[in-house]
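The values are calculated or read from the model by the stated rules, or taken from the named source; none is laboratory data. What you see is a predicted model, and the numbers here were worked out from it, not measured in a lab. Here the Cβ positions follow ideal geometry from the backbone for every residue, glycine too, while neighbour counts run over all protein chains shown. The area values use the complete protein model at the heavy-atom level, side chains included, leaving out ligands, DNA and RNA. Shrake-Rupley method; radii C 1.70, N 1.55, O 1.52, S 1.80 Å.
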Amino acid sequence: MKIVGLTGGIGSGKSTVVRIFGDLGVHWVDADDVAREVVEPGTAGLAAIAEHFGREILQADGALDRAALRQRVFENPEERNWLERLLHPVIREELVRQLQSPEASYTQPYVLLVSPLLLETDQHELVDRTVVVDVPEEVQIERTMARDDNSQAQVERIMAAQMARDERRSRADAVIDNNRPLQDVERQVCELHNRFLFEFR
């Protein structure tokens with residue numbers, strides 16, 4: 001089973017693109033979903049985070065306060081590095097498990113690994129092809145501010161922690177331009193799907 005990595009900067013519209021692949025019958029695993037799963041209440045990951053940052057990083061129900069954690073780690077690179085060292089190996093292990101277990105009836109020759117940090121972490125070692133979802137940086141900022149109710153400064157800090165747009169594009173086997181009408185994005189995804197069906201047969 002081949003693995004195609006799908007990545008893009010924050011606000012680039014990865015979720016829109018992966019839904020189109022899903023409509024074509026492609027199994028996908030989202031690293032953001034897995035990252036949430038490994039810090040759910042009762043996990044070793046959440047216990048380690050609470051011990052390191054203090055109980056104030058938890059909500060009243062014991063779940064992780066993601067907004068508070070995000071603010072802490074993006075204001076302090078050392079804290080971000082600590083968190084990444086803790087979670088990246090755990091996330092990778094769970095990603096591999098989920099990628100290897102589509103339903104027995106699955107007939108596509110590839111699965112998708114959707115990850116905003118595909119190229120920034122060793123997750124890129126898992127994939128046979130890399131697809132980058134791309135929009136101009138001003139569009140990333142606009143979309144993320146509207147979606148997450150973040151300030152422009154906060155969005156720019158998150159973007160600065162991710163790979164630069166030009167470098168991300170240069171490492172792609174294919175680029176999907178998501179600054180276009182949905183119908184055109186669907187066309188791009190269909191063409192790419194057909195290319196992978198041919199290459200992976």
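Roughly how far apart, in whole Å, are the Cα centres of the range 26-86 and the range 104-148? Their Cα centres are 20 Å away from one another. Placing unit charges on the Cβ atoms of the charged side chains and taking the dipole of the chain about its Cα centre, the candidate lying farthest along the positive direction among 1, 29, 50 is 1. Compared with the dominant principal axis of the Cα atoms in the chain, helix 77-99 is inclined by about 40°.
Each residue of the range 115-126 was assigned a 3J(HN,Hα) from its phi angle through the Karplus expression (A = 6.51, B = -1.76, C = 1.60, θ = phi - 60°), giving 8, x, 10, 3, 8, 7, 10, 7, 4, 5, 5, 7 Hz with x at Gly and Pro. With a 1.4 Å probe and every protein chain kept in, tell me what percent of the accessible surface of the range 68-186 is carbon plus sulfur. So the carbon and sulfur contribution to the accessible surface is 43 percent.
Between residue 177 and residue 190, the distance separating the two model label sites (each 7 Å from Cα on the Cα→Cβ line) works out to 1.8 nm. For the chain, the C-alpha radius of gyration divided by 2.2 N^0.38 Å, with N the number of residues, is 1.06. Once backbone amide H atoms are built at 1.01 Å from N, residue 175 has 132 as its partners under 5 Å, excluding neighbours fewer than 5 places away on the same chain. Here the 3J(HN,Hα) profile of the range 159-173, calculated from phi with Karplus coefficients 6.51, -1.76 and 1.60 at θ = phi - 60°, is 4, 5, 7, 9, 4, 4, 4, 5, 5, 4, 4, 5, 9, 8, 7 Hz, Gly and Pro shown as x.
A simple rule links phi to the HN-Hα coupling: the Karplus curve 6.51 cos²θ - 1.76 cosθ + 1.60 with θ = phi - 60°, which for the range 61-76 gives 7, x, 7, 5, 8, 5, 4, 5, 5, 4, 5, 4, 7, 7, 8, 9 Hz, with x for Gly and Pro.
Taking the average, over residues, of other Cβ atoms within 10 Å as the packing measure, peptides 116-128, 174-186 rank 116-128, 174-186 from highest down.
Summarising the strand pairing of the chain, around 5 percent of its internal DSSP beta bridges are antiparallel.
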